[in-house]
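What follows is calculated from the coordinates using simple rules that are stated; it is not laboratory data. On a predicted model such as this, the values are computed, not experimentally measured, just so you know. Every residue, glycine among them, receives a Cβ derived from its backbone with ideal geometry; neighbour counts consider all protein chains shown.
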Amino acid sequence: MIGPAGTPDNGYALLGGKDYDFYIGVGSMYVGGIRVELDNQITYSDQPDWLDHLDDPAWVPLGPPADNEHVVLVIEERDVTAIEDPALREPALGGPDGAARTRLLQHTQRLPAAATDCADALTSDQALWANQGLEFDPTTMRLDSMSRLHVTWQGTPNQPNPCEPTSTGGYLGAENQLIRIQVTEVDTKTGTFDLVWGYDNASFLYRVTADASTDPVLTLKPSPVDDYHRPRAGQAVQLLRSAATLDTTDGTTEGYVASADGPVAALTARYDPDAGTVQFPNPNAALPAWYTDPTQTPQLYLRVWEEQITGSTLGTPITLTGTGIQITLTTAGSGPLHVGDFWSIAVRPNTPTEVYPDRYLLEPQPPEGPRLWACPLAVITWDVPLDPVLAIKEDCRRHFEPLVDCACCCTLHLHPSDARAGRIQHLIDQTTAGRSATDRSSRLTICLTPGRYELQQPIVLQAQHSNLILRACSDGAVLAAAAGSEDAFVQGLIVLIEASNVTISGLELDLPQVPLAAIADVNTAIGIRPVNCATLEISDCLFQFGVGDPTTPSGVFGVGVWPVGSCIGFRMRDNQFRQSPPVTGNTQGSTPDALYGYLLMPINSTNTPSASLADAVITDNVFDGISAGIVVVAELGTVRTSHNTILRSYGGIWILDDQAQSAVGGQVRGAIAEQGVIDRAAATSGSLDPLLLLANVIAWIVPPPGSSPSQADNPVPTEQPTNVVAGDHTRHEWITKLAKAVEAQFTPLKTTTSGAKPPASTEADVTPGIGGEDPATPKETPFEQLLRLARGLTWAPPNPGIRRRQLQLRVEHNDVDCGIVDPSARLQQVSGAALYVLVTPGFDTSAVLDANRLHIPGLVQGARVLGVPAASVLGVTTQTITGNIIGTANPGSYSLIVAELADERVPRLSITGNVIEGPTNLQKLSNPPAPQLKRPFQTPLDTWLPLNTVLP
C-alpha cells in the first residue's frame, strides 16, 4: 500500500533557509515499515536527534558546497535505559532497574552528489556507504552492514599426552552472561580495527560530570550499586556525549540518549568510592571543548566495558580474555567493517559449547545492530545571486494518500514538490503506460494533494491517457505556471489531445498570461484546452483570471475552457470562472480584456474537424466578472445549459450554429445600411458583437495544440484572399461585414493610442502591414490590427452531403445579469446579449427556455442608444419560452426577439408565464413595416400577451 518509503502528509519537505542552512518540514515518513515524524519544523544545523553531530563524520558544516547535495534521512535504532530516561525507572524497586526500550533517532544528512536527479544521486550514495561498510537495500530501505562475526572456542582438542584430559573448549565463566562486542574504530589504511566487549550486554552506563583537566576526573551518578559494578583498573571505559533529547509531550526534557560512539581508554586506577569518581585516561591530548560545554553536551555518559582489543585484522581469531570464546571478524564485501556494529552473544556454563543464537557457531553472522534505514529526501543546490537560496533539483520523496482516507481510490498521488522537480508529466505517463486506454476497467485516478503546483510545462493528456480521472484530493490544489516558464503555456495549463473519457475535478487554475505573437498587445490566459475529446467532464474547478497590467497597452484574451474540434458528451458542472476586480470596457491606451468561461469556435486547420457540440451539459457554473460566460459557434446537437450564474459580465450565453454564423451576413445585408430599422440590426447584433469578432480572429490564428503556426492554413492573414468564389458563403465575406459593423457601431470597445489614425472604413484604407514599422505611418492600434486580420480570414462552405445534427437546446434556470463599466463612456454600463441563439435556417430545431432570469442594462454610446436585446432566439422552428424574467433597463433596447431567418419552415412557438420588461419584436407583428423580418411567425399570437406580464 505504501511501498518501501513514503509520506502521507508532505512530511520532511525541505524549505529555504539562510547561510546554507535549510528547514525540514513537519509531517511523517514511513521508511522500511517504520514510522518517524516531526511535530515541529527544524533546521539542518539544529536537529534534536543529532546533538552529537560534531563527532559524526557524516556531518557537513554549513558553507558553500563543492557540488550538488543529496539530502537523506538516516534512521538509527538505539537502546535507551533508565539511566538515560529516568521516567523508565520503577520507584518501587528502590535501586537497580533493568528497564529499557528502543528509540529511533533520525539524522538528516547532506551527501555530496554530482547528479541532478534522485536515481543518480542514490547511486553515488551507495558507493559512499560501501566505503563505510554498508549496503543499501532499496526494497527495505535498510542500510545493512557488511560486517560478519563467527564464534569459535579457545582450546586444543587434540592433546599430545593421552593421559591428560582433552580440552574440548567452551565458555569458562561461572554465570550466565550476555556478552556484547562492538567495533569502535577502523583504520582503512592499515586494515586494522579496534573493538570492545563487555558483560551484561555492556549495560554499565553512568551519568557523569567532568572537570576541565586533560585526563578529566569523572563523577559518576548514580554510584555503582556494588563492588561488581565498580570500574576496575584495566577495564575499558568509553566517554559518550548526548545524542538526542527525551522530551515529554509538554516539551519538558527528562533525559538524553547517550551517543553510540566516543573515545575509549583503559583505566589506570580503580573507581574511588569515597569521592565517587574515576579518572579517564584520555588517549588524546585533550577532550574537544564541546564535551565539557553544557550547551553542546547537556549530559555526559560513561560506559564501562570489560576489555579493549586494538590492532586486530580481518580473518584473525580474537580471544575474549577469560571467557574461552574466540571471535573472527570478516566482511561480506570488499568494504571495511562498519564502526558501531555490535553483536550480543548469550552463553551459560551448563552448556559451555553452545551459544545463543546458535547460528554464530555455524557461519559468520551480520551484526545485531544498530539497525539503520535511509530515505532520500531531495537533490539540492544553492543559487547564490547575493544570499544563498535553496534550489531543489528533484524531490525524492514518494507521496501517498493517508491510509484513513480513500487511498484505494487513487492510483497515483501528485504533490507540489513533483511540480518543482518537473516530473508531473513523467509520473502521469509512467502510471498510464502499459494499459488499454479504451478499457473502462483500466480507468485510473490521479490525485493532487493540497498545495501550489508551479508547473514548468503544461500537463498534456493524449489518447494513451484516456479513461482517466485527474482530481484534487481536497481543496487547495492550485495549478500555476512557474516563474519564468510562462511562455510554455500559450495553450493552457492542461492540454488534452484526443483523450476520451477524462474527468478533471476539484482543481484551482491560476491562469498565466502569455504574450500572443500573432497580435501585438494581446496576452493569452488559457486554463484547459481540449482537442477532439469525447466524454470530457470538468467539475468543481476554479478558474482564476488575472488582471492585465494597467500601465501597458496589453489586454488579456483569457478562456477557462477552450476546446477545439469535436466535443461529444461534454460535461461542465459546478465550476467557477472569476476575475477580481471584474473585467471593464475600454481604458485609454490599452486593449480591453476579453475573458470567456467556455469558448468553442471553428479554427483554421486542416488537421482538426470543424467545431461540434453535442450531448453536452453545462450546469451549475458561476461566471463572475468576466466578459462572457458561454460562447459557442459550432455544429450543434443536444445542448443543455442550466442553473448557471453569470454576473458582472459583458455577455451571457451565446450559442450559434456555424452555418448560420457564416450566412448571417447575407440574411441581414440591407439591415446594416438602413437607418432606423432597429429590428434586423437588433436581431443580428449578437453575431456582430466585437467580443465574438475577437474570439473568431484569435481562434483562427492560434494553431491548436499538437500543431505549429506553419501547419495552419492561414495563421496570420495580411491581405484579402484571391480565391474567393462569388456566391460562396465564405468566411471572408462574413468577417468583412462583421468587422465593418463593429467598426461603425461598437466604438466603446475600440482602443485608441495617441497619434493613431481612426479605424479604416474600407479594406483599402487598412494598412496591410503591422503598424509602426514605418515612422511615417501612424501606428496601428490593436483593434485596427484585429480588423485587418479578420478581413483576411476565409471559411469554405459546408459540405451539403454531410448529415448534420439537429439542435435540441434547453436553457433552464440560468441567472444572467450583464453589464460592465466602460470608463470611456462616462462610466456608463455596456453590455452584449444575455442570451443569443442563432441556428441554421431550414432544419428542424427546438429550444426550451424555462425559468431563466436574463437582464442587461442596455448598450450606451454617448447619447445614442443601440438596440442590443436581452435575449434573442433566431432560426429555431419549435420554441417553448416559459417562466422567464427577461428585461433591460434601457427603453431603447429589446428585451426579447424571436425570429426566423428563412421561408422554408413555419415556426411553432409557445410563450407563457414570462415577465418581460421592455419591447419585443412580437408586439409589432400585427402591422409589420416593409423592412421588417422576411416572414412573420404564423402561429397565432393574439392571445400571448394575457399569458405573460409585459412591462413597457
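A few comments on the model shown:
- Ranking of R578, R452 by count of other Cβ atoms within 10 Å, fewest first: R452, R578
- Each other residue within a Cβ distance under 9 Å of L300 adds +1 if Lys or Arg and -1 if Asp or Glu, for a net charge of +2.
- Built amide H within the under 5 Å cut-off of F22, gap 5+: Y44, S45
- Dipole of region 1-101 [Lys/Arg +1, Asp/Glu -1 at C-beta], most positive-end residue of P91, L51, I34: I34
- Segments 123-132, 488-497 sorted - mean Cβ within 10 Å per residue, highest first: 488-497, 123-132
- Charge tally for A113 (other residues, Cβ to Cβ under 10 Å; Lys, Arg +1; Asp, Glu -1): -3.
- Nitroxide proxy distance, nm - points 7 Å out along Cα→Cβ at A488 and D120: 1.8
- Ordering of 390-398, 14-22 by burial proxy (mean other Cβ atoms within 10 Å per residue, highest first): 390-398, 14-22
- Placed amide H near E254: partners under 5 Å, 5+ positions off or other chain: L246, D247, T248
- The separation of region 52-112 from region 210-280, counted between C-alpha centres, amounts to 18 Å.
- Karplus-derived HN-Hα couplings along region 123-130 (A = 6.51, B = -1.76, C = 1.60, θ = phi - 60°), whole Hz, x at Gly and Pro: 4, 5, 4, 4, 5, 5, 5, 4
- As a ratio to 2.2 N^0.38 Å, the alpha-carbon radius of gyration for region 15-66 is 1.28.
- Charge dipole of region 401-484 about the Cα centre (unit charges at C-beta), most positive-ward option of S417, P450, T431: T431
- A simple rule links phi to the HN-Hα coupling: the Karplus curve 6.51 cos²θ - 1.76 cosθ + 1.60 with θ = phi - 60°, which for region 24-35 gives 10, x, 6, x, 10, 9, 9, 9, x, x, 10, 10 Hz, with x for Gly and Pro.
- Computed packing ranks the peptides 217-225, 321-329 as 321-329, 217-225, most packed first, by mean other Cβ atoms within 10 Å.
- Region 401-484: C-alpha gyration tensor shape, a/c 1.5 cut-off, then a/b vs b/c: oblate
- For Y23, Y453, order by how many other beta-carbon atoms lie within 10 Å, fewest first: Y23, Y453
- The H on the amide N of G651, modeled in the peptide plane, is under 5 Å from the matching H of A628, G629, G832, each at least 5 residues off or on a different chain.
- For region 202-283, the Rg and Dmax computed from alpha carbons only, in angstrom: 13.9, 44
- Sum of side-chain charges, P416 neighbourhood, beta-carbon under 11 Å (Lys, Arg +1; Asp, Glu -1): -1
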